[in-house]
Amino acid sequence: MPHDGWHPHDDETRHHHSPPTRRAVLVATTLLPFGAASAQSVDAGQRIADAADHFLGTLDDGQRKKALIAFDSGNRVDWHYVPRSRPGLGLGEMRPVQAAGARALFATVLNERGLQLLDGVRLLEAVLRESQGSFRDPDGYYVSVFGIPGRSPWGWRFEGHHLSLNVALPAAGHVAVTPFFAGAHPATVRDGSHRGFRLLGPAEDIARQLMAGLTETQKRTAIISQRSFGEIVASPQRERDLGQPRGLELAALDSPQRSLIEALMDRFLGMLAPDLAAAQKRRVSDQGFTALRFAWAGSLTPGEAHYFRIHGPATVIEYDNTQNGANHIHSVWRDLAADFGNDALADHYRRQPHR
């Protein structure tokens, strides 16, 4: 497979209502280079705005007041994945038609596998509810709309425990979808009706396959610590702690090994709607695919604490499974140059000063 461009395998991969369906999956940002908006990206912006307008139109005045937040509010960049109170309108506060409108909004950015990820996170929250109590709530996930749909800049977020999907449309033709976080606790459901369910398991399986196929020299370079980190490094406000990319440069991999890296990245990028996924894959290629580095920390024994990441000039994908006896995953995809659409937003403000 030539690697002057990237061509991954687009395979697959606090009120309680009905639980989400049982499905597996994982996570993201997409940003079209400023000045290079495609017809697809323009269409994406329109379909996202139309869906947001439709969703807001189903709400009553009180609900709309909860859901709508100023774009320049500090809340827009105050993302997190821990259990905490959140602004926005919760799923548990929505009537069925409103919840359907919210899901239709999510479907403008995510494909079916991405929607399954949202379902899976909420399913695991229901699993935790059974063992830990009612403070775990599969309907405790909130939609916030920042600004006015279709009027740049604007955006929206869907967030709750172990989930944060941040969508920004900073200027015409630009769609950003990071930070995108997904967690899984338990990583493997060990009992009950969902026994064996592994929401984020496919990414781990691919990473382990990659590590098993490395030469000893490659493995020594890829392993950056004998202990896992216990948490993703690029958590909120900590992205600078990553430092320079470390680990095994992809230029040192052969074609089958690179194919596994592509498959691993597709577990994240491959959850987006086709046009947005294609744009993000171009963005990764433009950064230089072979300049990315793959790193591992912790044990190579299944069931023990481990961590891995792909890190390059702007892209970082992290996956940590350390907590709760290595049965609790945190994963994130960030674009360090364009989270929340910040690079295109800065250019937009330079071109069209806002007061």
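Over 21 Å from Leu118 (Cβ atoms), in contact with a helix residue (DSSP H, G or I) (Cβ under 7 Å, 6 or more places away or on another chain) and buried (at least 19 other Cβ atoms within 10 Å of the Cβ): is that true of Leu210 in this structure? Before you say what the answer is, go through the steps one by one.
Values: over 21 Å from Leu118 (Cβ atoms): yes; in contact with a helix residue (DSSP H, G or I) (Cβ under 7 Å, 6 or more places away or on another chain): yes; buried (at least 19 other Cβ atoms within 10 Å of the Cβ): yes.
It is true that Leu210 is over 21 Å from Leu118 (Cβ atoms), in contact with a helix residue (DSSP H, G or I) (Cβ under 7 Å, 6 or more places away or on another chain) and buried (at least 19 other Cβ atoms within 10 Å of the Cβ).
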Inset, instruction - Return yes when Leu264 is under 28 Å from Leu118 (Cβ atoms) and hydrophobic (A, V, I, L, M, F, W, C) and no when it is not. - result: yes
Legend entry - Scan of the range 48-94 for residues that are in a helix (DSSP H, G or I), farther than 18 Å from Gly140 by Cβ and over 23 Å from the mean Cα position of the chain (by Cα), ordered by number: Asp53, His54, Leu56, Gly57, Asp61, Gly62, Arg64, Lys65
Inset, instruction - Within the range 235-254, identify whether any single residue is closer than 26 Å to Gly114 by Cβ, assigned to a loop (DSSP other than H, G, I, E, B), modelled with pLDDT of 95 or more and among the polar types (S, T, N, Q), and answer yes or no. - result: yes
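What number of residues within the range 163-217 are of a type in the set (D, E, K, R) and closer than 30 Å to Leu253 by Cβ? Before the answer, list the steps.
Taking the range 163-217 as the starting set, the residues that turn out to be of a type in the set (D, E, K, R) are 190-191, 195, 198, 204-205, 208, 216.
Cutting the leftovers down to closer than 30 Å to Leu253 by Cβ gives us 198, 204-205, 208, 216.
Residues meeting the conditions: 5.
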Legend entry - Scan of the range 279-335 for residues that are among the charged types (D, E, K, R) and under 11 Å from Glu231 (Cα atoms), ordered by number: Glu318, Asp320
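Restricting the search to the range 198-213, which residues are closer than 15 Å to Tyr319 by Cβ and either part of a loop (DSSP other than H, G, I, E, B) or of a type in the set (A, V, I, L, M) (or both)? Break it down stepwise before answering.
In the first step, residues of the range 198-213 are kept if they are closer than 15 Å to Tyr319 by Cβ; the result is 198-211.
Scanning the range 198-213 gives Arg198, Leu199, Leu200, Ala203, Ile206, Ala207, Leu210, Met211.
Which of the residues spanning the range 293-326 are surrounded by fewer than 17 Cβ atoms within 10 Å (Cβ to Cβ) and either touching a helix residue (DSSP H, G or I) at 6+ places or on another chain (Cβ under 9 Å) or in a loop (DSSP other than H, G, I, E, B) (or both)?
We begin by selecting, within the range 293-326, every residue surrounded by fewer than 17 Cβ atoms within 10 Å (Cβ to Cβ); these are 299-304, 313, 324-325.
Answer for the range 293-326, where residues must be surrounded by fewer than 17 Cβ atoms within 10 Å (Cβ to Cβ) and either touching a helix residue (DSSP H, G or I) at 6+ places or on another chain (Cβ under 9 Å) or in a loop (DSSP other than H, G, I, E, B) (or both): Ser299, Leu300, Thr301, Pro302, Gly303, Glu304, Pro313.
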Legend entry - Residues located in the range 165-186, provided they are surrounded by fewer than 24 Cβ atoms within 10 Å (Cβ to Cβ) and closer than 25 Å to Arg309 by Cβ: His185, Pro186
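In the range 330-344, what residues are under 18 Å from His311 (Cβ atoms) and within 13 Å of the chain's Cα centre (by Cα)? Break it down into steps so the answer makes sense when it comes.
Of all residues in the range 330-344, those under 18 Å from His311 (Cβ atoms) come to 330-339.
Answer for the range 330-344, where residues must be under 18 Å from His311 (Cβ atoms) and within 13 Å of the chain's Cα centre (by Cα): His330, Ser331, Val332, Trp333, Arg334, Asp335, Asp339.
Can you work out which of the residues in the range 50-92 that are of a type in the set (Val, Ile, Thr) and over 20 Å from Ala176 (Cβ atoms) is surrounded by the most Cβ atoms within 10 Å (Cβ to Cβ)? Break it down into steps so the answer makes sense when it comes.
Residues of the range 50-92 of a type in the set (Val, Ile, Thr): 58, 69, 77, 82.
Okay, now just the ones that are also over 20 Å from Ala176 (Cβ atoms), so 58, 82.
Working: Thr58: 16, Val82: 10.
That would be Thr58.
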Inset, instruction - Output yes when any residue across the range 266-288 is at pLDDT 95 or above and more than 21 Å from Ala176 (Cβ to Cβ), and no when none is. - result: no
Legend entry - Among (1) modelled with pLDDT of 95 or more; (2) surrounded by fewer than 16 Cβ atoms within 10 Å (Cβ to Cβ); (3) more than 29 Å from Asn75 (Cα to Cα), the one test that Glu231 misses: (3)
Inset, instruction - Output the residue which, of all residues in the range 240-260 that are closer than 18 Å to Arg220 by Cβ and among the hydrophobic types (A, V, I, L, M, F, W, C), is surrounded by the fewest Cβ atoms within 10 Å (Cβ to Cβ). - result: Ala251
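The values are calculated or read from the model by the stated rules, or taken from the named source; none is laboratory data. Bear in mind that the values here come from a model prediction, so they are computed numbers and not experimental data. Note that we place each Cβ from the backbone using ideal geometry, even for glycine, and neighbour counts take in every protein chain shown.
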